[in-house]
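In what follows, a structure is listed as structure tokens, so that the remarks can point back to it.
Readers should treat all values here as calculations from the given coordinates under stated rules, not as data from a laboratory. Values in this document were obtained by computation on a predicted structure and should not be read as measured data. Neighbour counts are summed over all protein chains in view; Cβ atoms, including those assigned to glycine, are modelled from backbone coordinates with ideal geometry.
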Amino acid sequence: MHDLINDAIVNIKNYERIGKSECTVRPKSKLLIEILKVFQKGGYIGEFEVSDDGRGGSIKIKLMKQINDCGIIKPRNAIKKDEFQQWEQQFLPARDFGTLIISTPKGVMTHKEAKEKDLGGRLLAYVY
């Protein structure tokens, strides 16, 4: 395990594909929790519960079978506020379908929210 975010997102995607209703991800991180909040706000996952067991913690996630594909974007490219169109074409299958997740100075948010707030940042992940 070298990339916690990648391991967690691949784990979620695999559990979705085999039809499970919940998934446990270990270890937890603050960035992963913020990404999961964006997934939840978009309706891709249900509630999640963070627990700290003294060994890195874990996150139990309720799956809603709404994810077709998701993944991380490596390297985490810097993106300007007017470059979203190019990255949408590269990672999302169709216009206005799916979400890019971006880390901005104002926190982790979707590319649509970043457009509205006129912010740039670093690409983290995609989901559709």
*Which three lengths, in whole Å and largest first, does the stretch 70-127 cover when its Cα atoms are put on their principal axes?*
26, 21, 15
*Virtual spin-label span in nm between Val10 and Asp69, 7 Å along Cα→Cβ*: 1.7 nm
*How many times 2.2 N^0.38 Å is the alpha carbon radius of gyration of the stretch 4-63?*
1.02
*Starting from the Cα of Asp82, step 7 Å along the direction of its Cβ; do the same at Lys37; then give the gap between the two resulting points in nm.*
3.1 nm
*Which pairs break 29 Å Cα to Cα here: Lys13/Lys74; Lys74/Lys115; Lys60/Lys80?*
Lys60/Lys80
*Local charge sum around Asp82 (other residues, Cβ-Cβ under 12 Å, Lys/Arg +1, Asp/Glu -1)?*
+1
*Amide H of Met64: which non-local residues (sequence gap of 5 or more, or other chain) have their own amide H closer than 5 Å, using H built in the peptide plane?*
Gly46
*Kyte-Doolittle mean at least -0.5 and Cα axial length at least 18 Å: DSSP H helices in the chain*: 4-17
*So what does the Cα-only Debye profile of the chain read at q = 0.17, 0.19, 0.21 Å⁻¹, as log10 I(q)/I(0), no solvent term?*
-0.86, -1.06, -1.25
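Counting Lys +1, Arg +1, Asp -1, Glu -1, what net charge surrounds Ile33 among other residues with beta carbon under 14 Å of its beta carbon? Mind showing how you got there, number by number?
Details: positive: Arg26, Lys28, Lys30, Lys37, Lys41, Lys60; negative: Glu34, Glu47, Glu49, Asp52.
That works out to +2.
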*Could I have the simple spin-label model distance between Arg95 and Arg17, label points 7 Å from Cα toward Cβ, reported in nm to one decimal?*
3.1 nm
_With θ taken as phi - 60° and the coefficients 6.51, -1.76 and 1.60, list the Karplus ³J(HN,Hα) couplings across the stretch 49-65 in order, rounded to whole Hz; mark glycine and proline as x._
10, 9, 10, 10, 9, x, 10, x, x, 8, 10, 9, 10, 7, 9, 10, 6
*Among the aspartates and glutamates, which fall within straight-line cross-link reach of Lys117, defined as a Cα-Cα distance under 20 Å, with same-chain neighbours fewer than 8 residues apart omitted?*
Glu34, Asp82, Glu83, Glu88, Asp96
_Exposed-loop-free span, longest in the chain, where trypsin sites (Lys or Arg not before Pro) count as exposed if DSSP calls them loop and at most 16 other C-beta atoms lie within 10 Å_ = 21-54
